[in-house]
Amino acid sequence: MRPVDRGERPTTAGGQRKVYDDYRQARPDLIGRLGAYCSFCEVRVPVPIDAEHIRHQDNNPTLSCEWDNLLLACKNCNSTKGTKVDTAADVAARVWPQTDRTFDVFRYRPEGIVELADIQDLALRARARATADTVGLFRRPGPDGGLTAQQIERATDRRYQERAEAWRMAEDARADLAKADSPELRRWILVSAREKGFWSVWMTVFADDDAMRDALNKMFPGTASDRVEPLPPHCSSSGASDSP
Ligand SMILES: [Zn+2]
């Protein structure tokens, strides 16, 4: 799960902190800061994407339009999450992309499988598990995959398939790069990643390519690269050695 930084509450042209009368008004600002990606499953949602309330708005009407309570979510993640997160304690019992090192607590594997990483800290492990359960992050076809027969039959939850496609694209791209590395090919790979989404998949497949990882962090708006494992000094500075 991509750690993100949505920044301070946006301001108007006149420099006033924006106040939203309706949370939907925050959507363009959220997309501008974070890109049109689900904050949880990371699918790219080029068509209407929900401004998602971290704490559900029904029981938290005062938080409904609060910048700090908003992320972006696809329909699947938003509806699976439903009203599960209501109180501050519910928030504290989970990991969140806007505050935690969410890339470290999940492991992305071939064919789009997501699972818990090896986490020694049991409390952190429980919080990561709770987040995955909240949005159905680990769902996949198969006997214990968590998808219902109807969801598969009607293709109403294709997050797994989309992630698997991203994995295959990333692997193909890495194989092509190994044959003939060039700045142009790197640029194309980055554009493909941006269009497909699933930052975590690309970051995993290019785990041994620091320049590509650094460039991926920059390509996906709002990536909190300070909460991604440290890159070597020559890559983490924002200047000279920047790749493509
Ligand atoms: Zn999602």
What are the residues in region 43-72 that are surrounded by 18 or more Cβ atoms within 10 Å (Cβ to Cβ), of a type in the set (A, V, I, L, M) and out of contact with any His (no Cβ under 9 Å at 6 or more places or on another chain), if any? Val43, Val45, Ile49, Ala51, Ile54, Leu72
Filter region 66-80 down to the residues that are within 15 Å of the chain's Cα centre (by Cα) and within 24 Å of Arg158 (Cβ to Cβ) and list them by number. Leu71, Leu72, Ala73, Cys74, Lys75, Asn76, Cys77, Asn78
Residue ID - surrounded by the fewest Cβ atoms within 10 Å (Cβ to Cβ), chosen from residues in region 219-239 that are of a type outside the set (A, V, I, L, M) and modelled with pLDDT of 95 or more: Pro221
Qualifying positions in region 129-144 - in contact (Cβ under 8 Å) with a residue 12 or more places away in the chain, in a loop (DSSP other than H, G, I, E, B) and not charged (D, E, K, R): Gly136, Leu137, Phe138, Pro141
Scan region 150-172 residue by residue and report those that are among the hydrophobic types (A, V, I, L, M, F, W, C) and closer than 14 Å to Arg139 by Cα. Ile152, Ala155, Ala164
Can you confirm whether Tyr108 is within 24 Å of Arg163 (Cβ to Cβ), within 13 Å of the ligand (Cβ to nearest atom) and among the aromatic types (Phe, Trp, Tyr)? no
Conditions (1) in a strand (DSSP E or B); (2) touching a Gly at 6+ places or on another chain (Cβ under 6 Å); number of the one not met by Thr80: (1)
Pull up region 52-95, narrow it to residues that are in contact (Cβ under 8 Å) with a residue 12 or more places away in the chain and hydroxyl-bearing (Ser, Thr, Tyr), then point me to the one that is farthest from the ligand (Cβ to nearest atom). Thr87
Tally time: how many residues in region 29-51 are near the ligand (Cβ under 9 Å from one of its atoms) and outside any loop (DSSP other than H, G, I, E, B)? 2
Pairs where the first residue, in region 206-221, is not small (Gly, Ala, Ser) and the second is not in a helix (DSSP H, G or I), C-beta under 6 Å, 6+ apart: Asp210/Leu231; Asp210/Pro232; Met212/Phe206; Arg213/Phe206; Asp214/Leu231; Asn217/Thr223; Phe220/Gly35; Pro221/Gly35
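The values are calculated or read from the model by the stated rules, or taken from the named source; none is laboratory data. Being a predicted model, the structure only gives us computed values, none of them experimental. Virtual Cβ from ideal backbone geometry, glycine too; neighbours counted across all protein chains shown.
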